[in-house]
Amino acid sequence: MKYVSISMILILPYYAETLCNHIHRKRPKPTYKNGSFRISVYESKSHLTSSESIRSKVMSSARTSDGYENSPVSSAMDLDISEMAKRILRSQSNKNNKKGEGSILALKDGLTKVHRNILSQTQSRQRFVTGQDPLLITVKENPTKKWLQKNAATVQLLVNGTNIDNSWASYDRFQWIDNSDLGNLVEQHSMFNFELVAEINIKKPGYLNILPSNSAGSSAEMRRMILASKEWDRWKKSSLYEQLVHEELGKQSASRMSSDRLWITGFTLSGQSGYISSLDVKSGRIETVKDQTCRAIRWPNESNSVPKSLFESQDTSSVNSTMDDALLVSDGFLVPGKDKGGLYVVKKPGDDDKEWNVCLTGGPSSVAPPEDSGWFYHRSVWIDLTNDGRKSVLTARAKLNGAGSSNAKTQLVWLETPKPDSYDELSGSPLEEDGTPFDPFNGRHLPWKAHVLTEGPDVMFSIADMDTADDTIEVFASHFFDRKVMLYSIRRGPKPEIVFERSIDEKCGAAFGCTLANLNIPNKEYHEPNGRMTIDSGSTIPTLRARDSFSHLLVTSHECRYTEGSENKEINGGSLFAYRVPSNAKNKNAWKFEPWLRTTVISDFTVKGQLSNIINPGAPGFVYTFYARREEALNPTQRPLIAIAGDCAESAYILRPIRKDDANDPEAQYKVMCEIACGSTVGSIGVGYDNFMHAEQEDDYAKLYIPCYEKDKILVFAMGSGLESIDHNGF
């Protein structure tokens, strides 16, 4: 297991904390000293007491006072421990929130005057406020910081080329605006504050995805709790101790459901291994998968959850909402040596003792049939296509049969989940032929059978049900190599098949990102009779969830020949297009035959060449919709913001909605709020709403995770209201 290094830059630098621990004769916390990873957190608060240490102390007290060591462990005792731990954590959290600066002063007790000055060193917070005009935020490396403090954050932000402290967009300077102007900006949804709260130093970050902490990675977290225990040394290898930890984690699953875990995949052109890591947003703990897994998955792309059960049971609601401690990773790229990818399931990722992986497609080995070898995959989705309760995998794949994209072969395929031999009469659980629990990932069932649905789709896609009254679902696919956007209707049943297809746009250029969005105000349309609904939006930011309605299809293109209304006018560089779903009250099938109105939301993305992107450079990358606040994401009353990963444009873009009533599609009108020029490839963007560690930030506002590939780091920006009157976490 690899460790993480976290340095507290402004209030608690790494060397000062080590000094404080040494003076007080405490062993430094392992969370803050760990190998090749480092997290630099700006303007941080004091640490909460870990639930592990609290639980250990409580159990130690229980053993001493009640003879716990020599008596059976009762459920009542365990419940008491759980409730007491929750009360202590809640009390500790309240105390820390009230302490504020006092908690920092407490850390100085026992230090000399010189050492107190070291601990007190701070730098100005890097906060800026958006308005009606776009901001260009330039990310620069500060070599002075890097030289003075080995574990310090090194990023300096410039606003429109000016030091952030001297800019009128600075959070501190922005407060001179009078209340009436502030009110107008808030009403237009154009004013938010952004603050760089942390840098995560990790090798070659590419794809980011935030998953619930009680799914993939939960076993590794449990193992860490066991190894961190000091009071129960004699029980460390007992099954009883492990059972207690499991029960405790299960009882806290409700609160852990909303906790964020950031999954990070990375790759290199020359390396023989990929990188798969996770970061617990609350604690800052980073775990990595085993080297054996990394060597198998050489170019990991998108990672997703795996359902707890791939088979429908009597309680179907629990099947859909419960995720397993596993990842589904799409692997491969067109680079020679990385083009023989596959679809991998990684069970218990990050757990050194229990982690293992299987390749559903057979991988580069001879196990895969010849027709299923040599493909690379970008994303894959669990879905019941056979209409019998089995969740199979829908994916797009591609391979190059020679030099140049014109020789690419592309397919939309589904991998059929193996059928169990029988089901238990009492529980309904699937069984193997010998009566043991059925495991579809067992070697006897690998590789899964791949069924080709059609030629054409290659990279990204999204899934919807355009007519809930029929037996079909629809797939929207961006064709990168064929340079078009297509729609396919798949009839669900024992033998799924394409029964209808149509072109949405054949003049869009090399289409890449593809996601469903609801740009209407407000989002009131949910699962209506014969209405359309989302199945999988195609985005790793779940702004649209299953059964939500949608109004547009958003597609990014690396280049395009013309703009709307004039085929002779060319667009420079890459673009983001919005296609409005045709709507006709007299014809519910208008989406099949009427044109999909296209709007160029933003264009002129250009590639900034580096050695790392000389293979198939392009811009922009993926597109996302999100809301600034968690409450708005759950109950939207306005149009969402749009985020674009610039890919080889080396920037991240945040767009805000504007209104142009004279436009052909008023809801598709957006304007750049800010561009964050990172100076390195931005392959994806992650958005979560949990507070990042103990950095000072407004509760329930979005946290943006922006990977900087060549710089080996992820920047964490916290959004806020931009108003001083908001009182969250000390604001």
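With both labels modelled 7 Å from their Cα along Cα-to-Cβ, the ASN407 to LEU634 distance reads 5.4 nm.
Distant-in-sequence amide contacts of ASP712, defined by a placed amide H-H separation under 5 Å and a gap of 5 or more residues or a different chain, comprise LYS204. Each label was represented as a point 7 Å from its Cα along the Cα-to-Cβ direction; for ALA469 and ALA546 these points are 2.4 nm apart. Here is the tail figure for the stretch 339-432: Cα pairs spaced more than 17 Å apart come to 63 percent of all pairs. Between TRP356 and LYS347, the built amide H atoms are under 5 Å apart, and every one of these is 5 or more places off in sequence or on another chain.
Solvent-accessible surface (1.4 Å probe) assigned to LEU158 amounts to roughly 40 Å².
When the Cα atoms of the stretch 419-466 are aligned to their principal axes, the ranges along those axes come out at 42, 28, 14 Å in descending order.
Geometric descriptor of the stretch 441-539, per residue, is 143 Å³ (volume of the convex hull of the Cα atoms). Each residue of the stretch 673-682 was assigned a 3J(HN,Hα) from its phi angle through the Karplus curve 6.51 cos²θ - 1.76 cosθ + 1.60 (θ = phi - 60°); the sequence is 8, 7, 10, 9, 7, 8, x, 7, 4, 10 Hz, with glycine and proline shown as x. Solvent exposure of the stretch 366-470, expressed per residue, is 42 Å² of accessible area, with all protein chains present and a 1.4 angstrom probe.
Expressed as a fraction of 2.2 N^0.38 Å, the value expected for a compact globular protein of N residues, the C-alpha radius of gyration of the stretch 383-490 is 1.34. Eigenvalues of the alpha-carbon gyration tensor of the stretch 641-720, scaled by 5 and square-rooted, set the equivalent ellipsoid semi-axes at 26, 19, 8 angstrom, largest first. Carbon-plus-sulfur fraction of the accessible area of the stretch 651-691, 1.4 Å probe, in percent? In the stretch 651-691, the share of accessible area belonging to carbon and sulfur is 40 percent. For the stretch 134-139, the Karplus equation 6.51 cos²θ - 1.76 cosθ + 1.60, evaluated at θ = phi - 60°, returns couplings of x, 10, 9, 9, 9, 8 Hz by residue, with Gly and Pro reported as x.
Run a plain Debye calculation on the stretch 261-309 (Cα atoms as equal point scatterers, no solvent) and give log10 I(q)/I(0) at q = 0.15, 0.27 Å⁻¹, rounded to two decimals, same order as the q list. Evaluating at q = 0.15, 0.27 Å⁻¹ gives log10 I(q)/I(0) of -0.44, -1.02.
The values are calculated or read from the model by the stated rules, or taken from the named source; none is laboratory data. Bear in mind the structure is a predicted one, so any value in this text is a computation, not a measurement. So basically every Cβ, Gly included, is an ideal-geometry build from the backbone, and we count neighbours across all protein chains shown. Ligands, DNA and RNA are stripped out before the accessible areas are found, and what is left, the full protein with its side chains, is counted by its heavy atoms. Shrake-Rupley method; radii C 1.70, N 1.55, O 1.52, S 1.80 Å.
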